[in-house]
Amino acid sequence: MKKLLISIILCLFVAVGYGQNLTDLDDAKLTDFTNKLTKLPFSERDVIIKAGALFEQEFKDDPYVADWAFQILYFYHEISCEDKTVTLHKTFSDEEIRGYFHNDIWVLPKLKSNISSFIKEYAQWGYRISSDEDTSYAMEVDSTFLIKRYSKYLSQDYAYYFTNYVADLGVTPYWHSELNVSISEIMRRVQWRDLLLDKNPDFVRNDLVTREIEYLLFSITKGLEHTPIYGENRDQMKVHDPREGFDFTKISNEGEIILPEYKSAIQSYYRAFPETKWGLYLTEFMHRLSLNKYRFSNEIDNFVLENLFPENRKNIDPILKYKDILIDNLMD
């Protein structure tokens with residue numbers, strides 16, 4: 001289980017090495033904080049309260065190091081969900097959990113246990129039930145729980161970032177390679193991140209925010225498997241079939257043209273923000289498209305991939321060391 005979780009974490013938290021500002025990453029202080037977290041009674045229901053009190057005690061007068069410590073605290077909260085999920089399934093049957101999760105009026109009256117009381121109790125420590133495609137149920141963190149309590153100890157920029165990041169979690173952009181939010185919503189999420197980095201290029205997690213922007217812009221300038229940004233160019237051509245001896249009309253799907261809703265959103269963005277890093281990226285993307293009569297080409301596709309997934313990407317997460325300490329000491 002430990003090796004599997006580490007692999008998942010490496011996939012989820014790999015960050016690009018774009019000018020990370022590690023000036024305020026106090027290794028000695030953060031290592032000490034992490035080790036103190038491992039000494040807390042991990043299986044207790046309200047352990048996150050004790051962890052939060054420790055965070056407050058250690059970093060109340062040190063907002064820039066607190067930014068890093070908060071990331072460690074949030075990760076601690078996340079991995080504690082595994083222990084809480086075990087408790088959930090030991091306490092209630094799958095039928096009870098499913099009945100609660102779906103508010104099943106036929107199942108709930110028959111249940112002998114009070115699962116709603118359990119959920120209410122755990123909610124006060126920042127946990128809630130989540131479902132994975134209705135096949136399994138687990139405890140997950142309420143992402144607002146820690147930021148509401150400890151934002152006052154963080155730098156203004158990081159508090160702003162994390163508050164907005166949590167707000168964006170309300171709807172996941174991708175689901176099975178399909179865009180399930182509006183294009184305007186994607187651009188809004190790009191905008192606040194782009195402007196944050198433009199105003200503060202030394203932002204403590206420049207690397208992470210950059211990766212998030214790349215992820216978002218992938219859907220706008222590359223397209224997803226089930227949500228393409230290009231539409232079929234249905235040009236009709238007369239083709240002679242020598243076998244049949246007559247002409248017929250063939251529909252060409254080559255040179256697909258960018259859909260107007262994507263073209264409009266991209267143009268609106270770079271006209272509003274012509275000098276930001278990602279405004280300039282969208283300007284160049286649309287310029288290349290215009291030279292090709294707004295049609296897809298492999299050259300344009302390569303331009304997108306080279307900018308969003310550069311070969312010199314560094315797979316470094318500045319706080320991976322502290323996550324490893326927590327995993328090695330807390331997970332079986």
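The values are calculated or read from the model by the stated rules, or taken from the named source; none is laboratory data. This is a predicted model, so every value here is computed, not measured. Every residue, glycine as well, gets a Cβ built from its backbone with ideal geometry; the counts of neighbours run over all protein chains shown.
Could you count how many residues in the range 161-197 are within 30 Å of residue 68 (Cα to Cα), among the hydroxyl-bearing types (Ser, Thr, Tyr) and part of a helix (DSSP H, G or I)?
Total satisfying the criteria: 3.
Kindly check whether there is at least one residue in the range 127-143 that is among the basic types (Lys, Arg) and touching a strand residue (DSSP E or B) at 6+ places or on another chain (Cβ under 7 Å).
yes
Go through the range 166-183 and report how many residues are hydroxyl-bearing (Ser, Thr, Tyr) and either more than 14 Å from the chain's Cα centre (by Cα) or buried (at least 19 other Cβ atoms within 10 Å of the Cβ) (or both).
Kept after step one, since they are hydroxyl-bearing (Ser, Thr, Tyr), are these residues of the range 166-183: 172, 174, 177, 182.
Narrowing the set further to residues that are either more than 14 Å from the chain's Cα centre (by Cα) or buried (at least 19 other Cβ atoms within 10 Å of the Cβ) (or both) leaves 177, 182.
Residues that pass the stated criteria total 2.
Of the residues 240, 226, which single one is under 25 Å from the mean Cα position of the chain (by Cα), over 24 Å from residue 310 (Cβ atoms) and at pLDDT below 95?
From the options 240, 226, the qualifying one is 226.
Which ones in the range 296-320 are in contact (Cβ under 8 Å) with a residue 12 or more places away in the chain and part of a helix (DSSP H, G or I)?
300, 301, 303, 304, 305, 307, 308, 320
Considering 186, 147, which residue is closer than 27 Å to residue 218 by Cα, at pLDDT 95 or above and surrounded by 13 or more Cβ atoms within 10 Å (Cβ to Cβ)?
The match here is 186.
Would you be able to say whether some residue in the range 253-261 is part of a helix (DSSP H, G or I) and at pLDDT 95 or above?
yes
Being over 16 Å from residue 78 (Cα atoms), β-branched (Val, Ile, Thr) and touching a residue at least 12 places away in the same chain (Cβ under 8 Å) is the filter here; which residues of the range 113-170 pass it?
Answer for the range 113-170, where residues must be over 16 Å from residue 78 (Cα atoms), β-branched (Val, Ile, Thr) and touching a residue at least 12 places away in the same chain (Cβ under 8 Å): 115, 119, 163.
Listed here are the residues, each with its yes/no results for (1) in the same structural domain as residue 68 (by TED's automatic domain parsing); (2) under 30 Å from residue 86 (Cβ atoms); (3) surrounded by 14 or more Cβ atoms within 10 Å (Cβ to Cβ).
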site	(1), (2), (3)
257	no, no, yes
262	no, no, yes
270	no, no, yes
275	no, no, no
282	no, no, yes
287	no, no, no
294	no, no, yes
298	no, no, no
319	yes, yes, yes
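Identify the single condition in (1) in contact (Cβ under 8 Å) with a residue 40 or more places away in the chain; (2) polar (S, T, N, Q); (3) more than 19 Å from residue 317 (Cβ to Cβ) that residue 34 does not satisfy, given that it satisfies every other one.
Only one criterion in (1) in contact (Cβ under 8 Å) with a residue 40 or more places away in the chain; (2) polar (S, T, N, Q); (3) more than 19 Å from residue 317 (Cβ to Cβ) is unmet by residue 34, namely (3).
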